[in-house]
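The values are calculated or read from the model by the stated rules, or taken from the named source; none is laboratory data. Predicted model, so just to flag it, every value in this text is computed and none were measured. FYI the Cβ positions are ideal-geometry reconstructions off the backbone, even for glycines, and counts take in every protein chain you see.
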Amino acid sequence: MRAIRLRPVPWHLLFFLGPAVVIYTLFSAWPLLDTLRLSLYTSAGPGQRVFHGLGNFVTLLTDPHWSAAFWNALWNNTKFFLIHLLVQNPIGLLLAALISLPGLRLARTYRTLIFLPTLLSVVIIGFIWQLILSPLWGVSEGLLEAVGLGHLFSAWLGRESTALITLALISVWQFVGIPLMLLYASLIQVPDELIEAAVVEGASSWRIFWQIKFPLILPTLGLVTILTFVGNFNAFELIYAVKGALGGPNFSTDILGTFFYRTFFGYQSQVGSPTMGAAVASMMFFIILCGVMVYLYVIQRRLHRYDV
Amino acid sequence: MRSSIQYALGLALATTMAVSHATTLTIESWRVDDSDLWEDVLIPVFEAEHPDIQVRFSPTSPTEYDSTVNARLQAGTAGDLITCRPFDVSLNLYQEGHLLDLTDMAAMDNFEDFARSAWTTDDGASTFCMPMASVIHGFLYNPEIFAELDLEVPRTEDEFLAVLDTIEQESSYTPLALGTNDQWESNQIVYTNIGPAFWGGEAGRQALLDGSASFTDPEFVAPFEHMARWGEYMGRGYESQTYGDSQNLFSLGRAAIYPTGSWDISYFNQQALFEFDAFPPFRVGDDGQCVISDHTDIGMGINPDSENAEAAKLFLEWLASEGFARLYTNEVTGFFSLSKHEVEVRDPVAAEMINWRQDCDSTIRLNAQIMNRGTPNMEQELWTVGSRVLNGAMTPQEAAERIQNGFSSWYAPQQ
């Protein structure tokens, strides 16, 4: 005890933690709390705000004009996330497993090429894919015809039934490099002696992957899932770049990000409402918070890391 | 060391003095397409007359303009001069205290009441933006394709559809250069372009406002019914065709008819590979009246937070002058000055369009005044249902009902 009492003030802790705490508080925590506060107010005439309790949330969830748009955006966002979860992460896992195979030639080149789109601006991605898929100038129709599938082509980005799926797949194409990198890093850390032991026991590659490597990278897969979840429920740029803030046609690509944008900033003659926008932003925050909590308390607790 | 600090201080002081000497005005605008014209043609004329004032043109893309300017005004970072959208958007800015009251400016007398009405409060007491220009809606067409197929400019709805049929069947050209990806076209250059001939222009618009007509009446459903027939003429994959795609399709000579507004003239003067021409929206029936959407589109007001309000007023006075009217109408082709001055229009297509005012009745875009104030926002609703009707995803009757339901949910005269 005496030793602790005599210990000098831990200035070094302050020195190392201070900048991060200050920056995080100033640019992240405080704006977040202020947004939550703003969502409890409403506009009362020019430039005046009055306390409104949970009124904005009640409007958002019960007023048919608001709630229909909100649930539509939430449902579209969920679909957007599920497509990422079911397409992006398995492909990322497959590619990571292939690239981490010992003796694969040009592994680094593949890795770099697959990761490259992640570094490009979403606006460029949106523009390129819009051109590729354009029925007027695009190459996709010709490519499909070349392999005898021309009849399958349609204006995918313009139809209510396909626009959201197409956009989600474009986003998958862009971001598949991230699960690839994380899972790859995790796969190459699997201790060699485990795999060697399994080989000696006569296990097939298939069995080695599913019964040895896969359980050991599960924590990383969980991390990738939660990163995908947070990223998708905050998504905005790609939809905005390709379809505009209305998420057309008929709001079939409207996700929470675009819905928030219209509510907060307004769009064309729709007048923006900072307080209502803050309410939508708070709902987004709560949704993401719930998802992350489920992950932390239900999934992550059950994951065990392999200790050598 | 010391001398260098003194030097730096002196330099900073000198710079500040130089800056404070000349006033700089910043214009917020959505006319990205015209920024060269403002910087190279319009502004130099003003600066020559007022050497102590410098003007900077700072455009934002049209679909983002309203929200961006609103945010900048609230944050206090907006420019001195605000380009005004007509009616409710600017009215809302004025009521929020983000536009100066300009009622007392003498230059306001250079404009007719109808021009001022787009930027005047409902009670007529205050005007808050200097009117600048209107745009006229209609159709551009490719006369070479018309000559090749021996077509005449259509006068009535039946003739219009017959022309589309002929182009579709007897040539490989796309009859209509129009897409629904961006959605706004379906209202601003389709429904409110061809519609006034069905609902009788101003009379129909006023009937909606005073509650004696509704969107489900035949005259307001009919334009949707007409639009439902356009899908087969709009070319393959029009559902994902953007406004830019449509412009390219027409300027490359691959499409015959381009529904649009006069603002596109200057673009096609630069881009089109042929001499294009224009015809007005069709009449309904042989003895139907021709009605054009002659929309008061653009004005300019002053940011109350501006430190250069006096210079800004000088600029607005110049905007109201005959010199500006002539310059703007002829340099920014397709925007027709709203002032009372007689201005000769030199561009042949623009002159053709402004001549429609002789034979046709005029109205403004159907929903621009009052109807856009509520929730759900009618402008967005019209974009959505208009695109769905063009896409064949919604019947005309459903479209009309959805608009009417939204309208009557908040507008007392419709309840």
Query raised in the report: Can you tell me which residues in segment B:248-280 are closer than 16 Å to B:Pro348 by Cβ and of a type in the set (D, E, K, R)?
Result: B:Asp264, B:Glu275, B:Asp277
Query - Answer residue from segment A:160-200, given it is among the aliphatic types (A, V, I, L, M), farther than 22 Å from A:Gly92 by Cα and loosely packed, with under 15 Cβ neighbours inside 10 Å and is nearest to the other protein chains (Cβ to nearest Cβ) among those - result: A:Val199
Query raised in the report: List, please: which pairs have Cβ atoms under 8 Å, are six or more places apart or on different chains, and start with a residue in segment B:141-158 that is free of Cβ contacts under 8 Å to residues at least 40 places away in the same chain and end with one that is assigned to a loop (DSSP other than H, G, I, E, B) and acidic (Asp, Glu)?
Result: none
Query raised in the report: Can you tell me how many residues in segment B:160-197 are out of contact with any strand residue (DSSP E or B) (no Cβ under 7 Å at 6 or more places or on another chain), crowded, with 23+ Cβ neighbours inside 10 Å and not β-branched (Val, Ile, Thr)?
Result: 9
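Tell me, please, whether a residue that is touching a residue at least 12 places away in the same chain (Cβ under 8 Å) and within 12 Å of chain B (Cβ to nearest Cβ) can be found in segment A:276-294.
Yes - at least one qualifying residue is present in segment A:276-294.
Go through segment B:386-401 and report how many residues are free of Cβ contacts under 8 Å to residues at least 24 places away in the same chain, closer than 11 Å to B:Met227 by Cβ and either touching a strand residue (DSSP E or B) at 6+ places or on another chain (Cβ under 8 Å) or outside any helix (DSSP H, G or I) (or both). Outline the logic, then answer.
Taking segment B:386-401 and keeping what is free of Cβ contacts under 8 Å to residues at least 24 places away in the same chain, we get B:388, B:393-394, B:398.
Still in the running and closer than 11 Å to B:Met227 by Cβ: B:388, B:394.
This time we only want the ones that are either touching a strand residue (DSSP E or B) at 6+ places or on another chain (Cβ under 8 Å) or outside any helix (DSSP H, G or I) (or both), so: B:394.
Residues that pass the stated criteria total 1.
Can you find a residue in segment B:374-383 that is among the β-branched types (Val, Ile, Thr), within 14 Å of chain A (Cβ to nearest Cβ), surrounded by fewer than 22 Cβ atoms within 10 Å (Cβ to Cβ) and under 22 Å from A:Asn250 (Cα atoms)?
If we filter segment B:374-383 for residues that are among the β-branched types (Val, Ile, Thr), which is where we start, we get B:375.
Keeping just the survivors that are within 14 Å of chain A (Cβ to nearest Cβ) gives B:375.
Checking which are surrounded by fewer than 22 Cβ atoms within 10 Å (Cβ to Cβ) leaves us with B:375.
Pick out the ones that are also under 22 Å from A:Asn250 (Cα atoms) and you get B:375.
Yes - at least one qualifying residue is present in segment B:374-383.
What about A:Leu152, is it more than 14 Å from chain B (Cβ to nearest Cβ), at negative phi and either loosely packed, with under 13 Cβ neighbours inside 10 Å or in contact (Cβ under 8 Å) with a residue 40 or more places away in the chain (or both)? Steps first, please.
On the way: more than 14 Å from chain B (Cβ to nearest Cβ): no; at negative phi: yes; either loosely packed, with under 13 Cβ neighbours inside 10 Å or in contact (Cβ under 8 Å) with a residue 40 or more places away in the chain (or both): yes.
So A:Leu152 fails the test.
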Query raised in the report: Quick one: B:Leu319 ticks every box in (1) under 20 Å from B:Phe46 (Cβ atoms); (2) outside the structural domain of B:Ser29 (by TED's automatic domain parsing) bar one, so which box is it?
Result: (2)
Requested in this report: Test B:Gly386 against the criterion of being under 23 Å from B:Arg85 (Cβ atoms), more than 14 Å from every other protein chain (Cβ to nearest Cβ) and buried (at least 17 other Cβ atoms within 10 Å of the Cβ), and give yes or no.
Outcome: no
Requested in this report: Tell me, yes or no, whether segment A:114-127 has at least one residue that is within 14 Å of chain B (Cβ to nearest Cβ) and either surrounded by 16 or more Cβ atoms within 10 Å (Cβ to Cβ) or not in a helix (DSSP H, G or I) (or both).
Outcome: yes
Requested in this report: Give the residues of segment A:61-92 that are farther than 29 Å from A:Met276 by Cα and in contact with a Pro (Cβ under 7 Å, 6 or more places away or on another chain), sorted by residue number.
Outcome: A:Gln88, A:Asn89, A:Gly92
Report task. Scan segment B:238-297 for residues that are touching a Gly at 6+ places or on another chain (Cβ under 7 Å), of a type in the set (S, T, N, Q) and more than 14 Å from chain A (Cβ to nearest Cβ) and jot them down. Result -> B:Ser262, B:Ser266
Query raised in the report: Quick check: is even one residue across segment B:238-257 surrounded by fewer than 24 Cβ atoms within 10 Å (Cβ to Cβ) and closer than 16 Å to B:Ser293 by Cβ?
Result: no
Query raised in the report: Looking at segment A:223-249, which of its residues are surrounded by 20 or more Cβ atoms within 10 Å (Cβ to Cβ), within 14 Å of chain B (Cβ to nearest Cβ) and not in a helix (DSSP H, G or I)?
Result: A:Gly244, A:Ala245, A:Leu246, A:Gly247, A:Gly248, A:Pro249
Report task. Report those helices (runs of 4 or more DSSP H) wholly inside segment B:181-243 carrying at least 3 residues which are among the charged types (D, E, K, R) and in contact (Cβ under 8 Å) with a residue 12 or more places away in the chain. Result -> B:201-210
Query - Residue match in segment B:358-368 (condition: surrounded by fewer than 16 Cβ atoms within 10 Å (Cβ to Cβ), in a helix (DSSP H, G or I) and out of contact with any Phe, Trp or Tyr (no Cβ under 7 Å at 6 or more places or on another chain)) - result: yes
